[in-house]
1. Inside region 300-321, can you point out the residues that are at pLDDT below 90 and part of a helix (DSSP H, G or I)?
2. Mind listing just one residue for me: the one in region 1-17 that is modelled with pLDDT under 70, surrounded by 14 or more Cβ atoms within 10 Å (Cβ to Cβ) and of a type outside the set (Lys, Arg) and, of those, farthest from residue 200 (Cα to Cα)?
3. Restricting to region 28-73, count the residues that are in contact (Cβ under 8 Å) with a residue 24 or more places away in the chain and of a type in the set (A, V, I, L, M, F, W, C).
4. The conditions are (1) modelled with pLDDT of 95 or more; (2) farther than 14 Å from residue 311 by Cβ, and residue 332 fails exactly one of them. Which is it?
5. If you check residue 86 against the conditions, is it assigned to a helix (DSSP H, G or I), acidic (Asp, Glu) and within 20 Å of residue 50 (Cβ to Cβ)?
6. Tell me yes or no: at least one residue of region 409-425 is at pLDDT below 90 and under 23 Å from residue 288 (Cβ atoms).
7. Quick test for you: out of 364, 342, pick the one residue that is closer than 15 Å to residue 294 by Cβ and either assigned by TED's automatic domain parsing to the domain that holds residue 401 or out of contact with any strand residue (DSSP E or B) (no Cβ under 8 Å at 6 or more places or on another chain) (or both).
8. Only one of 160, 66 is in a helix (DSSP H, G or I), of a type outside the set (S, T, N, Q) and over 60 Å from the mean Cα position of the chain (by Cα); which?
Amino acid sequence: MSFRRRHRLIRLALLLLPSAITLASLTVTVVVALSLQESSIREGIAARVQSVATSIAGLPDVRAAVEATKNEGTPADPADAADLAEATARLQPIAELVAQAADVYYVVITDDEGVRITHPLVSERGVRVSTTNRSVLDGTPFLGTETGPSGSSLRAKVPVRSDDGDVIGMVAVGVLESDISAQRAAALAALLPWAVGALIVGTLASSLLTAAVERRFRRLDGLASEHAQMQRTTAALREQSHEFTTRLHVIHGLVSRGDPSEALGYIEDLAPVTGANPDADGSATDAPALREATMHAIRADLLSVGAQVEFDIDQEAAFDDELVSVLANLCRNAGEAGATRVRCAVRDHGDRLSGSVDDDGPGVDPRAASRVFTMGYSSKPDRSGWGRGVGLHLVRRILTSRDGTIEVGSSSLGGARFSFEMASSR
């Protein structure tokens, strides 16, 4: 994945992140609120049915009516609706009144065999309870969800005891699960407007935050664009400075040879100045003079870093400013890399020129051979603060413009060898 594409994806993720966090937070909040609401509703109903069942089981009238049915049936021959009719007449109104007042679906009272004395459905009176009853009739209260004739319900069952403490029946109080679901739905309906309001507020807040982040990104993009332009300008200035230094060395060589007119001609070739030298004949610098000045400039340049150079240059080679720049940069690169001996050769092939620069320096790491001509790349530390890695990049650019090539390898001197070829200026 390219850097630009990865940058766009990261930027998109950062822009969407506030909205995603808002929606996720709101979803979690609603889910937790509903869970707590449901838990609260269920716990409240459980406490209510248990309290109602316990209260009814403790009523004197209920205990007396239930105890009166004690002898109406046996485990082998339980009582029926007719046997319990008198108790039902006394207790059914109480059960219905309590059920209505406590907002529960049913209040069921049984005898000591678990046969229903009261029930909302007439058909279920005088019928034995089909769900948990044995443990309750043994004296252990029950609280849980069971499915009976009326459907699934959350119910509490409490034993009814005589004055002597014996279990003589039980009271079951329940609320249908469908009613609990309805209460939960009502709670959700009450919570929904708040959730929608929170969503709207959160969306507006995240939109404002996203807009602020987008403005920040645009500002950073502008700064990045300015920085990139500054880098390009700096690179161009470094390259011009590098070339200017090379040309100053050539001019120094021409002047040192006692050829001021050739030096002026060379300057005129680089930057024509009309009327600047009325005594000069206006002719361009000839190739032999430029060749000698180049050799003088390279020799002086390498001596300044403790290196010596040998030349093997074809006398017929057509020297021009670009060839001078190629040789000067390659030789200077060898000296700066730590070489003490440099050999520079140029051959003329009519319409093509070939050349090489060998040195006895540390050489070029084969793993870095493909990168040495990249702008800014250098194996040497930058003590100037202006950056390195300009010379070889400039060499490759000149050779490319002259339909040329360059290769780097190992030299017989023990260091690096740069071999090049290019079109002649003839």
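The values are calculated or read from the model by the stated rules, or taken from the named source; none is laboratory data. Quick caveat: nothing in here was measured; it's all calculated off a predicted structure. When we count neighbours, we look across all protein chains shown, and the Cβ atoms used for this are built from the backbone with ideal geometry, even at glycine.
1. Once the filter is applied, which keeps residues that are at pLDDT below 90 and part of a helix (DSSP H, G or I), region 300-321 yields 300, 301, 321.
2. 14
3. 15
4. (1)
5. On the way: assigned to a helix (DSSP H, G or I): yes; acidic (Asp, Glu): yes; within 20 Å of residue 50 (Cβ to Cβ): no.
For residue 86, the condition - assigned to a helix (DSSP H, G or I), acidic (Asp, Glu) and within 20 Å of residue 50 (Cβ to Cβ) - is not met.
6. Applying the first criterion (at pLDDT below 90) to region 409-425 yields 425.
Checking which are under 23 Å from residue 288 (Cβ atoms) leaves us with 425.
There is at least one residue in region 409-425 that is at pLDDT below 90 and under 23 Å from residue 288 (Cβ atoms).
7. Values: 364 fails: closer than 15 Å to residue 294 by Cβ.
Only one candidate qualifies: 342.
8. Working: 160 fails: in a helix (DSSP H, G or I).
Testing whether each residue is in a helix (DSSP H, G or I), of a type outside the set (S, T, N, Q) and over 60 Å from the mean Cα position of the chain (by Cα) leaves just 66.
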